[in-house]
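Some notes on the structure that comes next.
Just so it is clear, none of the values below were taken in a lab; they were calculated from the coordinates. Values in this document were obtained by computation on a predicted structure and should not be read as measured data. Reconstructed Cβ throughout: ideal geometry from the backbone, glycine too, with neighbour counts over all protein chains shown.
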Amino acid sequence: AGNASGVVDGAAAVVIKSASKASADGDKPLARIISWGIVGLEPAIMAYGPVPSSRKALEKAGLTIDDIDRWEINEAFAGQAVACVKDLGLDIEKVNVNGGAVGIGHPLAATGTRLVLTLAHELKRSNGRYG
């Protein structure tokens, strides 16, 4: 369907190290993880997960919606992403700025890493701080 992400092939990898280990290895980190949010939802509303998990991550980090420079929201279905953007009150100009899964595909096992890497590279490109 034109409003659902296609299942595509894809691969992504990320290396997570402590700051001290990265420094000792001579690595320059692309990004730093300062918070995350994990929630459980009823299966009937599982696509709504970005809303409570984003709120939880923001609260843990002491940040607000306005502090965030870019958002990557998994776009399994166009309507799902629109609902999350609306409920969070996001500026659409900051969301999936390089295209979401409806446009670029949904490599199931790699999607989480793809989202993080797309966001990290976009923050670097745009001189953003938080995403």
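Assorted remarks:
- Computed over the chain, the alpha-carbon pair-distance distribution with 10 angstrom bins reads 12, 40, 37, 10, 1, each value a whole percent.
- As a calculated quantity, the FRET efficiency between residue 23 and residue 129 at R0 = 25 Å, using C-beta atoms, amounts to about 0.75.
- Value at 222 nm in deg cm²/dmol, rounded to 500, when DSSP H runs of n ≥ 4 in the chain each add -39,500 (n - 2.57): -11000 deg cm²/dmol
- Inter-part distance where segment 1-35 and segment 76-131 are each reduced to a Cα centre, Å: 14 Å
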